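To keep things clear, I will list the structure first and then write my remarks on it.
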Amino acid sequence: MNGTTIRTLVIDGSPGFATYLAEALAAVPGSRFELSCQATLADGLAALADGGADVVVLDLHLPDSEGLETLRRVLDLIPEVPVVVLSELDADDLGVGAVRQGAQDFLVKARVNGEVVARALRYAIERHHMIETLRSAAMIDDLTGLYNRRGLLTLAEHHVKLAQRSHRQLLLIFADLDDFKRINDSWGHAEGDLALIETAEALRGTFRGSDIIARLGGDEFVVVAVDPGGVSSDTVTARLRDNLHVFNAQAGRPYRLSLSIGTMRFEPSNSVSILELLARVDEAMYQEKRSRRRQLSG
């Protein structure tokens, strides 16, 4: 990472230490650190919400937060940014606890100098990137590039907890590709794979990059729309069906893509697990599928 500016957010209640850290890092040959400093957790979280940090240096003992709860709140907000923890206390249990909770390193203030911190920050970024790469590979569906079941459960659980704490809503959508077995039986598994890939593209075109889009396996897809605001489930469903109509009009296939769709809005006052939420929205999808079949047969 030589020659690259590392945007470093320091959240530390001691102005003197923040000044020392800036001067110590500036003195390290070949290093380029762009430091910004916040003295409280509230101000640090606000700065992180605005983005622009490659790594965080976090004191566990702040005027408005103490101990590992401080780290948890930072990681909940920005799990994609590595965190190096600082403490006045030279306590092995605190260091082990911080690393187990997700910190990339634990440093004791009395033992740090510019080279130690510079090395810790560089390693934290590289180690975090490697972990995220491995984690991503284990959570991605090979065929569609969407999240797989493991990815969905991991990310959705995080967003459910965050929604409960921040009093935001989630919109869950469960979609099942209609007549998938007939597509496989009539035109072969390669055509069936193409149908799944194009359904995934329609989902990507309907939802935002911040939403979680996953293929559970087979012909089942789930979307967790984060903080949908006033957008109704009917509006989202209509938008998805419109995108499928465009795919069908352009593809020239001997069959049409269609989805049975169930939706459910998650309120922050709920205390159910993500598995229970998925079971409920799955049932809503099957109710919609049964209703459409009755209409066609009637």
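Pairing each residue of segment 172-189 that is under 27 Å from Phe207 (Cα atoms) and without any contact (Cβ under 8 Å) to a residue 24 or more places away in the chain with any residue that is among the acidic types (Asp, Glu) and surrounded by 17 or more Cβ atoms within 10 Å (Cβ to Cβ), provided the two are 6+ apart or on different chains, yields C-beta distances under 9 Å for Lys181/Asp219. Of the numbered criteria (1) surrounded by 14 or more Cβ atoms within 10 Å (Cβ to Cβ); (2) touching a residue at least 40 places away in the same chain (Cβ under 8 Å), the one Gly44 fails is (2). Restricted to segment 84-115, and to residues there that are assigned to a helix (DSSP H, G or I) and in contact with a Leu (Cβ under 7 Å, 6 or more places away or on another chain), the residue that is surrounded by the most Cβ atoms within 10 Å (Cβ to Cβ) is Ala98. Screening Glu276 on (1) within 26 Å of the chain's Cα centre (by Cα); (2) closer than 17 Å to Phe180 by Cα shows it passes everything except condition (2).
Of all residues assigned to segment 248-258, at least one qualifies as being in contact with a Lys or Arg (Cβ under 7 Å, 6 or more places away or on another chain), surrounded by fewer than 20 Cβ atoms within 10 Å (Cβ to Cβ) and assigned to a helix (DSSP H, G or I).
Scanning segment 219-246 for residues that are modelled with pLDDT of 85 or more, of a type outside the set (Gly, Ala, Ser) and farther than 20 Å from Arg290 by Cα yields Val223, Val224, Thr235, Val236, Arg239, Asp242, Asn243, Leu244, His245, Val246. Do we have any residue at all in segment 149-168 that's in contact with a strand residue (DSSP E or B) (Cβ under 7 Å, 6 or more places away or on another chain), farther than 22 Å from Glu276 by Cα and of a type outside the set (A, V, I, L, M)? Among the residues of segment 149-168, not one is in contact with a strand residue (DSSP E or B) (Cβ under 7 Å, 6 or more places away or on another chain), farther than 22 Å from Glu276 by Cα and of a type outside the set (A, V, I, L, M), which makes the answer no. Scanning segment 14-41 for residues that are closer than 21 Å to Glu80 by Cβ and assigned to a helix (DSSP H, G or I) yields a single hit, Leu41. For segment 266-298, a tally of residues being among the basic types (Lys, Arg) and closer than 21 Å to Gly151 by Cα returns 1. You will find that of Val56, Val81, the residue that is within 25 Å of Ala156 (Cα to Cα), at pLDDT 95 or above, hydrophobic (A, V, I, L, M, F, W, C) and surrounded by 15 or more Cβ atoms within 10 Å (Cβ to Cβ) is Val56 and no other. The set of residues from segment 157-215 being modelled with pLDDT under 90, exposed (fewer than 13 other Cβ atoms within 10 Å of the Cβ) and in a helix (DSSP H, G or I) comprises Lys161, Arg165, Ser166.
The values are calculated or read from the model by the stated rules, or taken from the named source; none is laboratory data. Please read these numbers as outputs of a predicted model, since none were measured by experiment. Virtual Cβ from ideal backbone geometry, glycine too; neighbours counted across all protein chains shown.
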